[in-house]
Amino acid sequence: MAQRPYVIDTMISAKQIAARVEELSQEIHDEFNGTDKLVVVGLLRGSFVFIADVVRELDLPVEVDFLEASSYGDSTESSREVRILKDLRGEIAGRDVLVVEDIVDTGFTLKHVVGLLQAKSPRKLKTIALLDKPSRREVDIRADWIGFEIPDEFVVGYGIDFAQRDRNLPHIGKVRFLDES
């Protein structure tokens with residue numbers, strides 16, 4: 001399938017992201033201060049850059065694990081069907097857990113993942129999302145911490161992709177298709 005031609009307009013700069021990650025990490029530190037170990041669960045693949053930056057800012061004992069869920073594939077629209085492609089390796093029962101998501105759109109993925117992880121009986125479970133699109137929400141869920149609220153635009157960069165492209169951009173950019181008027 002041929003890729004539609006597009007350009008990327010910067011929406012949130014790398015500098016803005018770094019400043020917000022620092023603020024969020026302080027709030028997370030305050031919430032989990034005193035924990036014996038915080039299990040930080042990254043939702044692959046889009047959160048990998050965000051999780052790395054958050055973890056480096058935390059002055060806490062941290063364990064990192066990953067869960068891979070998919071509801072997009074190579075599309076720009078959510079299928080609303082959440083599939084777990086990779087489950088956690090470690091146990092979270094009785095432990096403090098922070099779920100790191102790249103973007104909350106319809107909310108289906110985060111709601112599904114939170115339900116799945118709550119069933120594993122963590123001591124405390126909190127969520128953080130780099131980006132939030134509340135105008136697209138179809139289920140009742142909101143991350144405990146949000147980096148940036150954005151309008152209903154298709155975005156890439158800072159780990160977020162379009163058909164596995166543009167994850168390496170240091171900023172968040174809005175995709176603008178050239179064949180649209």
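Here are the numbers:
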| item | result |
| --- | --- |
| Neighbours by Cβ (under 9 Å, 6+ apart or cross-chain): first from the stretch 93-115, over 25 Å from T35 (Cβ atoms) and hydroxyl-bearing (S, T, Y); second crowded, with 23+ Cβ neighbours inside 10 Å and at pLDDT below 95 | T109/L43 |
| Qualifying residue in the stretch 103-116 (condition: polar (S, T, N, Q), open to solvent by 20 Å² or more (accessible area, probe 1.4 Å), within 26 Å of K174 (Cβ to Cβ) and not in a helix (DSSP H, G or I)) | no |
| Subset tally (residues that are exposed (fewer than 13 other Cβ atoms within 10 Å of the Cβ) and either in a helix (DSSP H, G or I) or not charged (D, E, K, R) (or both)) for the stretch 28-46 | 3 |
| Count - residues of the stretch 120-149 that are among the β-branched types (V, I, T) and either in contact with an Asp or Glu (Cβ under 6 Å, 6 or more places away or on another chain) or under 20 Å from R45 (Cα atoms) (or both) | 3 |
| Residue match in the stretch 76-92 (condition: modelled with pLDDT of 95 or more, open to solvent by less than 60 Å² (accessible area, probe 1.4 Å) and of a type in the set (A, V, I, L, M, F, W, C)) | yes |
| In the stretch 93-102, residue surrounded by the fewest Cβ atoms within 10 Å (Cβ to Cβ) [restricted to those that are more than 10 Å from the chain's Cα centre (by Cα) and not aliphatic (A, V, I, L, M)] | G94 |
| Given (1) open to solvent by less than 80 Å² (accessible area, probe 1.4 Å); (2) modelled with pLDDT of 95 or more, number of the condition K15 does not satisfy | (1) |
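Yes or no, residue by residue, for (1) open to solvent by 60 Å² or more (accessible area, probe 1.4 Å); (2) more than 15 Å from L24 (Cβ to Cβ):
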site: P122; (1), (2): no, yes
site: L130; (1), (2): no, no
site: R136; (1), (2): no, yes
site: E149; (1), (2): yes, no
site: D152; (1), (2): yes, yes
site: V155; (1), (2): no, yes
site: L169; (1), (2): no, yes
site: V175; (1), (2): no, yes
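The values are calculated or read from the model by the stated rules, or taken from the named source; none is laboratory data. Computed from a predicted structure; not experimentally measured. We place every Cβ from the backbone using ideal geometry, glycine too, and count neighbours over all the protein chains shown. Just the protein is used for accessible areas: all its heavy atoms, side chains included, with ligands, DNA and RNA removed. Shrake-Rupley method; radii C 1.70, N 1.55, O 1.52, S 1.80 Å.
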